[in-house]
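Peer 1: Quick one: the structure is below, and I'll ask about it shortly.
The values are calculated or read from the model by the stated rules, or taken from the named source; none is laboratory data. The structure presented is a predicted model; accordingly, all values stated were derived computationally and were not measured. Every residue, glycine as well, gets a Cβ built from its backbone with ideal geometry; the counts of neighbours run over all protein chains shown. For the accessible areas, the whole protein counts, side chains as well, though only heavy atoms, and no ligand, DNA or RNA atoms are used. Shrake-Rupley method; radii C 1.70, N 1.55, O 1.52, S 1.80 Å.
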Amino acid sequence: MSGSRLPGFYKLSVAERRALVAERSGVDPKVLASALDSGGIDCATADKLVENVLGTYALPFGVALNVQVNGKDRLVPMVVEEPSVIAAASNAARMVRNAGGFTAEMTEALMISQIELRGLADVELALRLLTNETEHLLTVARGAVPNLVERGGGPRSIELRPLVNGRIVVHVLVDCRDAMGANLVNSIAEAVGPVAAGITGAELGLRILSNLSDRRAVQVSCRVHPEDLVLSRPKAPLGGDSAPPSVPTGVLTGDAIADGIVAASEFAEADPYRAATHNKGIMNGIDAVVIATGNDFRAVEAGAHAFAALSGRYRPLSVWRRDGEALVGELTLPLALGIVGGTLRVHPTARLALSLVRVESADDLALIAASVGLASNLAALRALATEGIQRGHMSLHARSVAVAAGAQGAEVEIVAGRLSEDGSITLEAARRALSAMRGS
Ligand code: MEV
């Protein structure tokens, strides 16, 4: 066993899983336990974070296994309430790892600061004036974020975008280093705005970042050997490394499943109604990592869907094709994440998440989150191309019901298996199965 491969992980107790994850990640088990047991923040901290606080709200925190990105193994923290998301991503990541893992890159990492100038009688003239003052605007922008400049980041260039009705948008492109950068970019917009308006004589409009951070986009790709798509463990409905919704693929061959996944991709490419659901399956994985690491999931969602519609038509963020024998998936989306500042200042569980995944930079985190997104997408399309997703979901539901009925340790799998076999997943049925099993 090495890296992010932890066979049988799902069968362990929570305490055993924590011990194993602490060992693999090098995180002090006491730090891990305290960050997870506290539920993140207490009420007093919450009261300082937002307004009208009544309390806090906890969600399950798990890890995706088997994830390998650019040759490196990662244990990926995920916070999500939907059953099977973590298991499905882990299973798909295992298929991908058999063919070399995920390859991911971010060619540039620039946030966009927008300044809107309105009421211009001569847009061409205003564009010329602004172009001549580019260096001055950049100096003003740098002056707004001296600490960022000191850390090697800061404004890099200016772009001008004429819109209709005497309107120009000035974009300042900013390298935010390891911060998501919303505050930095907004400070720049507010500093540069009056100067740009003064240069052009325009009425000053809005000054704010753009969440369509397409200059901070990740491209991730993977290959899958068709035979790995056939994984099926009928004897353990919740079996696999991480209690996967391991969809029995019946008589379908790996080739047929790979073709089914390509057909599903083509459906999403042809139909925005399907593309929205396809992309939701991608965001299942990405959002879970984004939330675990204390990042702004609304910003990520806004950026992802705007990017999906950038061509004028809403499209899937990923596409799947055959390349010879192999199934190949590619995903591109903007992913502005941070590993410093923001929620991380106050949230020990978010800090723990970053220690577990052991990222070296914000970009590194984005590559990993995108890879988990592609894994989630693969798992969803594989299930849809075979028996549908309900069977896997029902297996996991059966497991929760078994736990609710009082099953412990190995009993959980046995009771869940019986419930699934009988097709009656109720608390009563689970209690009966448990009593029968215990001979009481
Ligand atoms: C459910 O959370 C996600 C899926 O609907 C994604 C998809 O349809 O591709 C299964």
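Peer 1: If you roll a 1.4 angstrom probe over the protein chains with everything in place, what fraction of the accessible area of the chain belongs to carbon and sulfur, to the nearest %? Intermediate values should be presented prior to the final figure.
Peer 2: Working: 10360 of 19480 Å².
Using a 1.4 Å probe with all protein chains present, the chain comes out at 53 percent carbon and sulfur.
Peer 1: Leaving out ligands and nucleic acids, and using a 1.4 Å probe, what accessible area per residue does the range 246-371 come to in Å²? It would help to have the intermediate numbers written out before the result.
Peer 2: Working: 4730 Å² over 126 residues.
For the range 246-371, the solvent-accessible area averages 38 Å² per residue.
Peer 1: Using unit Cβ charges (K, R positive; D, E negative) and no other charged atoms, how large, in debye to the nearest 20, is the dipole of the range 319-384 about its Cα centre?
Peer 2: Details: 6 positive and 6 negative charges, 55 e Å.
Roughly 260 debye, rounded to the nearest 20.
Peer 1: Let me ask you something else. Nearest 20 debye, what's the magnitude of the dipole of the range 1-111 about its Cα centre given +1 on Lys and Arg Cβ and -1 on Asp and Glu Cβ? The partial results should precede the final answer.
Peer 2: Details: 11 positive and 12 negative charges, 126 e Å.
It comes to approximately 600 debye.
Peer 1: Taking the highest mean first, how do the peptides 78-87, 286-295 order by number of other beta carbon atoms within 10 angstrom per residue? Let's see the in-between values first.
Peer 2: Values: 78-87: 21.7, 286-295: 27.7.
Taking the mean over residues of other Cβ atoms within 10 Å, the ranking is 286-295, 78-87.
Peer 1: Still on this structure: Tell me what the chain gives for mean residue ellipticity at 222 nm when only DSSP H runs of n ≥ 4 count, each as -39,500 (n - 2.57), the sum divided by the residue total, rounded to 500 deg cm²/dmol.
Peer 2: Working: 16 runs with 211 residues, N = 440.
Calculated mean residue ellipticity at 222 nm is -15500 deg cm²/dmol.
Peer 1: Along the range 378-386, what does the Karplus equation 6.51 cos²θ - 1.76 cosθ + 1.60 (θ = phi - 60°) give for ³J(HN,Hα), rounded to whole Hz, x for Gly and Pro?
Peer 2: Result, rounded to whole Hz: 4, 4, 5, 5, 5, 5, 5, 7, 10.
Peer 1: I would also like to ask the following. Once the Cα atoms of helix 427-438 and of the chain are each reduced to a long axis, what angle between those two axes, in degrees from 0 to 90 to the nearest 10, is obtained?
Peer 2: Once rounded, one gets 50 degrees.
Peer 1: Could you identify which residue out of 147, 165, 70 has the top mean-square fluctuation in a GNM of the chain using Cα springs shorter than 10 Å?
Peer 2: Per the Cα network of the chain with a 10 Å cutoff, 165 tops the list.
Peer 1: Taking θ = phi - 60°, what integer Hz values does the Karplus form 6.51 cos²θ - 1.76 cosθ + 1.60 yield along the range 393-402, in sequence order, with x for Gly and Pro?
Peer 2: Going residue by residue, I get 4, 5, 4, 5, 4, 4, 5, 5, 5, 4 Hz, with x marking Gly and Pro.
Peer 1: For a quick check, take a GNM of the chain with Cα springs below 10 Å and name the residue from 152, 254, 303 with the largest mean-square fluctuation.
Peer 2: Answer for the Gaussian network model of the chain: 152.
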